[in-house]
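Notes for the one structure printed next.
The values are calculated or read from the model by the stated rules, or taken from the named source; none is laboratory data. As the structure is a prediction and not an experimental result, all values here were calculated from the model. Backbone-built Cβ (ideal geometry, glycine too); neighbour counts: all protein chains shown. Just the protein is used for accessible areas: all its heavy atoms, side chains included, with ligands, DNA and RNA removed. Shrake-Rupley method; radii C 1.70, N 1.55, O 1.52, S 1.80 Å.
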Amino acid sequence: MTGCPEERDQLAYSVFAKACPSRCTLENVTGRWGGLTLGALYEGSLRFNELRRRVDGVSEKMLSQTLHALERDGLVHREAQPTNPPRVDYELTPLGREVAGRLLSLIECVEGAMDEVLASRERYDAARGAR
């Protein structure tokens, strides 16, 4: 099955079931570094260090682990060039582009709501501090 069906009834998998393999993929996609990596690659192919600079704050180790997980899930393609020094490029697969596009919609929604979120945090903190 390719893509993400719109109707939950059509799903053969359920992330709400503990043993479902889709849960691991969802964690890879929505985890801190997975989502940012997919979003960065949506702009186009990047080399490892370019990607690391784009995803500010990610360590080399975490980016490497994230890329391996996303590649294993079929969302990222790794292309190694037989040059000296070796050149490795990363790009989204068609499924990766679809998932990243949906993630970017969520990212834009969150970024667009940040004034409201920050105001809510202030109200919450003020109420908690007043006790």
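Restricting attention to region 10-29 and to residues that are in contact (Cβ under 8 Å) with a residue 40 or more places away in the chain and of a type in the set (S, T, N, Q), the residue that is nearest to Arg52 (Cα to Cα) turns out to be Asn28. Find all pairs meeting these conditions: Cβ atoms under 8 angstrom apart; at least six residues apart or on different chains; first residue within region 39-61 and touching a residue at least 12 places away in the same chain (Cβ under 8 Å) and within 17 Å of Arg97 (Cα to Cα); second residue open to solvent by less than 80 Å² (accessible area, probe 1.4 Å) and in a loop (DSSP other than H, G, I, E, B). Listed pairs, sorted by first residue: Ala40/Val55.
Thr93 meets all of the listed conditions (1) farther than 20 Å from Glu50 by Cα; (2) surrounded by 10 or more Cβ atoms within 10 Å (Cβ to Cβ) but one, namely (1). Scanning region 9-42 for residues that are surrounded by 19 or more Cβ atoms within 10 Å (Cβ to Cβ) and polar (S, T, N, Q) returns Thr25, Asn28, Thr37. A single member of Val117, Val99, Val76 is in contact with a Phe, Trp or Tyr (Cβ under 7 Å, 6 or more places away or on another chain) and not aromatic (Phe, Trp, Tyr), and it is Val76. Screening Ser45, Ser64 for residues that are surrounded by 10 or more Cβ atoms within 10 Å (Cβ to Cβ) and farther than 24 Å from Glu27 by Cβ leaves exactly one candidate, Ser45.
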